[in-house]
Amino acid sequence: SPLMKGTKVVMWGQVEGHPAEPIAWTYRRADGGKSFYTSLGNTEDFRGLVLPALLGNALVWALGK
């Protein structure tokens, strides 16, 4: 935080005792390109259900499907 104007937060995360922060977001650039970011990606995250689904959905969004 803070993110650029026009950024859409997909997922928030929070560490106890700290304010929530965006951990996944999308952004459409002025040139029409699309950006996706996530701070998730620990090897354990890939073994769960959330990160693989999040990345799959990000690819579908980025490809315009």
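The values are calculated or read from the model by the stated rules, or taken from the named source; none is laboratory data. Note that the structure is predicted; figures quoted are calculated from it, not measured. Positions of Cβ are generated from backbone atoms using ideal geometry, with glycine treated the same way; all protein chains shown enter the neighbour counts. The accessibility values were calculated without ligands, DNA or RNA, using every heavy atom of the protein model including side chains. Shrake-Rupley method; radii C 1.70, N 1.55, O 1.52, S 1.80 Å.
Observations
- Ordered from longest to shortest, the equivalent ellipsoid semi-axes for the chain are 21, 18, 7 Å, each the square root of 5 times a Cα gyration tensor eigenvalue.
- The residues of the chain have, on average, 78 Å² of accessible surface per residue, using a 1.4 Å probe with all protein chains present.
- Surface share of carbon and sulfur [accessible, 1.4 angstrom probe, percent] for the chain: 59 percent
- Within the straight-line cut-off of under 22 Å between alpha carbons, the lysines reachable from Lys65 are Lys8, Lys34, sequence neighbours fewer than 8 places apart in one chain being disregarded.
- Unit charges on C-beta of K, R, D, E only; dipole of the chain, Debye: 420 debye
- For the pair Val50 and Arg28, a Förster radius of 35 Å applied to the C-beta separation gives a FRET efficiency near 0.90, rounded to the nearest 0.05.
- Rounded to 0.05, the FRET efficiency of the Asn57 and Val15 pair, given R0 = 25 Å and the Cβ-Cβ distance, is 0.55.
- Distance between region 41-59 and region 9-25 - C-alpha centres, whole angstrom: 16 Å
- Residue by residue, region 53-62 carries 3J(HN,Hα) couplings of 5, 4, 5, x, 5, 5, 5, 4, 5, 5 Hz when phi is fed to the Karplus relation 6.51 cos²θ - 1.76 cosθ + 1.60 (θ = phi - 60°); x denotes Gly or Pro.
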